[in-house]
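Note sheet for the following structure.
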Amino acid sequence: MLQAQYSSWTGRKLEIRSAYANQITVEFKGWRDNAQWQIEQTTYTLSRAKGKGYPLVISANGQELMRVARVSMWKTTLEGHYANQPLRFERPSIWKSGYHVYLNGLMIGEVKTEGFWQRTMSANFNSPQPYDLQLGCLMLAIGIWRREAASAAAA
């Protein structure tokens, strides 16, 4: 299980903890979804690419690792890929902010927020998955939630 919690009142710094890896600090740049973090010799980047559905992309050392984009304006489903395998984020209900994560058509876990005041996000996976997939799913969901919050604040 991965857990992420904002460590600054501005919401720019995020601390990610897990039982099987060192704590990671992620700092968001600007007011959008751009972020960067490093694990050993690999630098990961979360950014928004141009294209249909406003895709979010995670790159590892400049190579695209995962990508998701909204299928339609009204659906709560995002589709993309992880290492050339189909990846899908599906919201089980319009009233919930969490997502079920599907890889190759199989549900592998979920990403959700916990509590209103704590601003804690977590990722739970049913079976062992690569750490970069787990962390990428959590970061993509956080990018989506940040985008939704910015849209709601602008409205």
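The values are calculated or read from the model by the stated rules, or taken from the named source; none is laboratory data. Treat the numbers as computed from the prediction; the structure is a model and nothing was measured. In this analysis, Cβ positions are derived from the backbone assuming ideal geometry, glycine residues included, and neighbour counts consider all displayed protein chains. Just the protein is used for accessible areas: all its heavy atoms, side chains included, with ligands, DNA and RNA removed. Shrake-Rupley method; radii C 1.70, N 1.55, O 1.52, S 1.80 Å.
Tabulated values for the structure
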quantity: Qualifying residue in region 142-152 (condition: closer than 27 Å to Ala19 by Cα and at pLDDT 90 or above); calculated: no
quantity: Number of the exception - Gln38 against (1) assigned to a strand (DSSP E or B); (2) over 19 Å from Thr120 (Cα atoms); (3) within 15 Å of the chain's Cα centre (by Cα); calculated: (3)
quantity: Residues (outside any strand (DSSP E or B) and either acidic (Asp, Glu) or more than 13 Å from Gly143 (Cβ to Cβ) (or both)) located in region 1-35; calculated: Met1, Ser7, Ser8, Trp9, Thr10, Arg12, Ala19, Tyr20, Asp33
quantity: Residue identified as over 20 Å from Glu148 (Cβ atoms), aliphatic (A, V, I, L, M) and open to solvent by 70 Å² or more (accessible area, probe 1.4 Å) among Ala19, Ala83, Ala60; calculated: Ala19
quantity: Test: residue in region 135-149 that is part of a helix (DSSP H, G or I) and of a type in the set (Lys, Arg); calculated: yes
quantity: Per-region count, region 97-129, residues farther than 24 Å from Tyr6 by Cα and either of a type outside the set (A, V, I, L, M) or open to solvent by less than 60 Å² (accessible area, probe 1.4 Å) (or both); calculated: 9
quantity: Any pair with Cβ under 7 angstrom, 6 or more apart, that starts in region 12-29 at a residue that is in contact (Cβ under 8 Å) with a residue 40 or more places away in the chain and ends at one that is part of a strand (DSSP E or B) and open to solvent by 70 Å² or more (accessible area, probe 1.4 Å); calculated: Ile16/Gln23
